[in-house]
Amino acid sequence: MEAEDLSKAEDRNEDPGSKSEGQLAAVQPDVPRGGQSPGPTALWDMLERKFLEYQQLTHKSPTERQKSLLSLLPLFLKAWEHSVGIICFPSLQRLAEDVSDQLAQQLQKALVGKPAEQARLAAGQLLWWKGDMDQDGHLLLKSVYVLTGTDSETLGRVAESGLPALLLQCLYLFFVFPLDKDELFESDLQVQRMFVQMLLNICSDSQGLDGLLSGSELQSLLIATTCLREHSCCFWKEPTFCVLRAISKAQNLSIIQYLQATDCVRLSLQNLSRLTDTLPAPEVSEAVSLILGFVKDSYPISSALFLEFENSEGYPLLLKVLLRYDGLTQSEVDPQLEELLGLVVWLTTCGRSELKVFDSVTYPQLEGFKFHHEASGVTVKNLQAFQVLQNVFHKASDSGLCIQVLLAIRTMWAWNARNFFLLEWTLQPISQFVEIMPLKPAPVQAHFFQLLEALVFELHYVPHEILRKVQHLIKESPGPSCTLMALQSILSIAGGDPLFTDIFRDSGLLGLLLAQLRKQAKIMRKSGNKLSTPGVQDPERELTCVMLKTVVTLLKGSVRNAVVLKDHGMVPFIKIFLDEECYREASLSILEQLSAINAEEYMSIIVGALCSSTQGELQLKLDLLKSLLRILETPKGRAAFRVSSGFNGLLSLLSDLEGSLQEPPLQAWGVVSPRQTLELVLYTLCAVSAALHWDPVNNDFFRRNGLFEKLAEDLCLLGCFGALEEEGALLHSWADTKARPFADLLGTAFSSSGSLPPRIQSCLQILGFLDSMASGTLHLRGDLKESLRTTQGPVVDAQKGEAGSDPQRNFKQWPDLEERMEEGDAAIMHPGVVCIMVRLLPRLYHEDHPQLSEEIQCSLASHIQSLVKSEKNRQVMCEAGMLGTLMASCHRALATSGSPLHSRLIRIFEKLASQAIEPDVLRQFLGLGIPSPLSATTKLLDSSHAHRGNPGCSAQWSN
């Protein structure tokens, strides 16, 4: 029937009733509705009285008794419906016996002596319901439907009437002989539901099941599903299969004997073998699944049907049917295919005894691996069934079909890990699959290598032979896609356990990868490292990336592998990969691993690359600096850095940035944002800080060679700091106003909502870097690096900047000095950096923002003053020549009493001079002619006398 006809039939079907999921509708009788309907109890009582009257009609003719019985049925159905399916009728079994006998007689009369088509038409007319009145056959059908849903005793009475076999015969006729389109019975879904549910109810009872086996109807129906499918009725296909599956699920020995005696399995398989090539794959697959369902359901009781399946060429048929799906274009996996594959997987577990294999485990193995000879869980016993799956994978090219086979194999491993060994040591499926993998579509390759990884990570097993074949596949490189996936899988496996660093070295994989990388590096060098087009996928580049990552993984924690790489002379070739961003991270990781055996070589490569990089290669410089920071965490790295002229390299990096932060920037820096420049400055200072950190030798080297002064000069040339002569600008009336704390100003500078002028913001951020560097924590402060990435472009608004910025800022991680002192981290680790901050102090003045500039200067001076409160800090600052720096850099502010910086600088001078002061510095100070000698000069003189003869004092008064 067409879908349109079925829809119309449902609209015309006015048979009262309701439907529930999985069950047939409750059918209501058509009875007059005069007055108020009696309750359920009254209806059952009325039915009991009328049924007793009916039983007393023994003297009446059969026709009269039949008529009397039929008159009771509408009342029975009404009482049942009003009782919500609960029957309170003492004579229920007698009623069931008489009603089922009556229906059996009428069906017998309709079927006997007629050709099949006429018998099918007669059965349909008998059971078909007419809208204006209840036909006798339909009324009997509804009643028997209700009776079969009660209890087993009632079902037994129905079965005794011979009705089950007749119903099965009707089902056969309905399925095999389709009627014309305009035959209404085909569209009567209500009748169909009741009919099928009746058969399902009968299948649930052993006596009813025996009734279905009383004739040849089951054999005919089962064989019809396998040989007449192109002529069968599509409207009755699903109900027929539903009934046959119910019979299969209700398996008992009598059904097995019946199917064996009637040769059903063999005949069905023969029919399907003839029709496999002519019918659609899902149709054939469904029919085969039906037959295999009988085999599967009977197997726990008897293996007779299973043996009959094997002896009837069942496995070649399965292979033939499954390969019918090869080449079919399907957006989703066909449910019939899934069902059939599930049955084939089940067949692999059928067998009389466990498979016996020899222990062929190759060592070394992972720590958690254990091979048990005992079977725990479901094991594979039937290699013939598994060979069906194996051959399907070998012969098929369809992605969906091959992936389903791989999923089936993984399911078997999940049952019992032993299944992998039972199969691999007999049929070698995975080893064989590796060889044909280049011929499979990309989705199949991806699933296969996932299966390989599951073997390692879930079964904790190292399949040495399989991995060797994968390695051979990578060497042969049959296609970029397959080679890439294979290498990605090897990369994933190699990172799973340190054991693989030795396994893949000994297998030759490391040497193979190094040879391939050497070849690729030569090609890059010859082509001049031409970058590929952005956004265009290049399989060769992806493959090179994965090769480099695999080498990185194999080098981790393995000095032997690092030596192998060095012995292969790979260092010059790895350097070539640094120029391309997509290779850089892995290349730097390789060089970092090599630093464990030769830190000086690593440092010379990195410092050389930093110095030779061009102005536009900012990302290269950042990546090199980040790598350098990782190696500077080690003592060997810090020592090698000094020996390899690392400090000079970093300072030259800063000097190359000259004019990059001025407004407007120099032409060479026009395309570089201030944020990018500041990030480079930050990482450069982080590297200097890391090299100096807890390394007295580096610290002394930096100081003795005047590199603190060189660093200050390079920072001044960035362009954000003002000219030295700007220190003498006019003073403003606000000078007595309290300046904001230095920590607050830094917080504003690093805030994403700050509104400072660009040059001033850059100055403050650099001062923030120096402040952390002085305490030895700059290279540890990840918040600074993050804040630079998230800081929005500053808003140039001089008025707002001079009046002060919004105190509610996003950046709140800068610790206040008092908090730092409480935490004990305010100690000055690098006093030379504080001297740099003093040198920059007069250069913080910007004539276009005078008030804001003076506030920042005063805030920084107050901050430096607070740093020299402790005696320890004063001592290290005196040793670093802070007083001389103060006199040289802030000479004018010290001499000008009206300067807002004057009082703050005087207090700094006093604190340091109280610790120690050089005679020439004192003479310079006295030569300033400060008008308040009692407050400053007198204190210094007193201090100098107090420290005369003190070994810690640097003043030599004897001169």
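The figures follow:
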{"item": "Long-range neighbours under 9 Å by Cβ, at least six apart or interchain, first residue among the basic types (Lys, Arg) within the stretch 77-104, second open to solvent by 40 Å² or more (accessible area, probe 1.4 Å) and modelled with pLDDT under 90", "result": "78/28; 78/37; 94/55"}
{"item": "Among residues of the stretch 549-574, those that are among the charged types (D, E, K, R) and either part of a loop (DSSP other than H, G, I, E, B) or crowded, with 17+ Cβ neighbours inside 10 Å (or both), counted", "result": "2"}
{"item": "Test result for residue 848, modelled with pLDDT of 50 or more, over 30 Å from residue 874 (Cβ atoms) and part of a loop (DSSP other than H, G, I, E, B)", "result": "yes"}
{"item": "Only one of 126, 167 that is touching a His at 6+ places or on another chain (Cβ under 9 Å), part of a helix (DSSP H, G or I) and surrounded by 15 or more Cβ atoms within 10 Å (Cβ to Cβ)", "result": "126"}
{"item": "Odd one out for residue 291, checked against (1) within 35 Å of the chain's Cα centre (by Cα); (2) closer than 27 Å to residue 254 by Cα", "result": "(1)"}
{"item": "Identity of the residue in the stretch 619-637, crowded, with 20+ Cβ neighbours inside 10 Å and in contact with a Gly (Cβ under 9 Å, 6 or more places away or on another chain), that ends up farthest from residue 713 (Cα to Cα)", "result": "631"}
{"item": "Residue check, residue 210 within 42 Å of the chain's Cα centre (by Cα), among the charged types (D, E, K, R), surrounded by fewer than 20 Cβ atoms within 10 Å (Cβ to Cβ) and in a helix (DSSP H, G or I)", "result": "no"}
{"item": "Filter result for residue 917 (under 21 Å from residue 830 (Cα atoms), outside any helix (DSSP H, G or I), modelled with pLDDT under 90 and not basic (Lys, Arg))", "result": "yes"}
{"item": "The stretch 45-68 residues that are of a type in the set (D, E, K, R), paired with ones that are loosely packed, with under 11 Cβ neighbours inside 10 Å and at pLDDT below 85 (beta carbon under 9 Å, 6 or more apart)", "result": "65/58"}
{"item": "Qualifying residue in the stretch 143-152 (condition: out of contact with any strand residue (DSSP E or B) (no Cβ under 7 Å at 6 or more places or on another chain), acidic (Asp, Glu) and part of a helix (DSSP H, G or I))", "result": "no"}
{"item": "Qualifying residue in the stretch 96-112 (condition: under 16 Å from residue 51 (Cβ atoms) and either under 60 Å from the mean Cα position of the chain (by Cα) or of a type in the set (S, T, N, Q) (or both))", "result": "yes"}
{"item": "Residues located in the stretch 663-689, provided they are farther than 15 Å from residue 769 by Cβ and open to solvent by less than 10 Å² (accessible area, probe 1.4 Å)", "result": "669"}
{"item": "Residue among 223, 202 that is of a type outside the set (Ser, Thr, Tyr), open to solvent by 20 Å² or more (accessible area, probe 1.4 Å) and in contact (Cβ under 8 Å) with a residue 40 or more places away in the chain", "result": "223"}
{"item": "Residue in the stretch 658-671 that is polar (S, T, N, Q) and farther than 24 Å from residue 839 by Cβ present", "result": "yes"}
{"item": "Any hit, the stretch 690-705, residues being open to solvent by 40 Å² or more (accessible area, probe 1.4 Å), farther than 29 Å from residue 892 by Cα, charged (D, E, K, R) and modelled with pLDDT of 90 or more", "result": "yes"}
{"item": "Flag if residue 700 is in contact with a Pro (Cβ under 8 Å, 6 or more places away or on another chain) and either free of Cβ contacts under 8 Å to residues at least 12 places away in the same chain or within 15 Å of residue 603 (Cβ to Cβ) (or both)", "result": "no"}
{"item": "Residue 491 being assigned to a helix (DSSP H, G or I), in contact (Cβ under 8 Å) with a residue 60 or more places away in the chain and open to solvent by 10 Å² or more (accessible area, probe 1.4 Å)", "result": "yes"}
{"item": "Neighbours by Cβ (under 9 Å, 6+ apart or cross-chain): first from the stretch 863-881, among the hydroxyl-bearing types (Ser, Thr, Tyr); second in a helix (DSSP H, G or I)", "result": "866/742; 866/817; 866/818; 866/821; 870/821"}
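The values are calculated or read from the model by the stated rules, or taken from the named source; none is laboratory data. What you see is a predicted model, and the numbers here were worked out from it, not measured in a lab. Note that we place each Cβ from the backbone using ideal geometry, even for glycine, and neighbour counts take in every protein chain shown. What goes into the accessible areas is simple: the full protein's heavy atoms, side chains included, and nothing from ligands, DNA or RNA. Shrake-Rupley method; radii C 1.70, N 1.55, O 1.52, S 1.80 Å.
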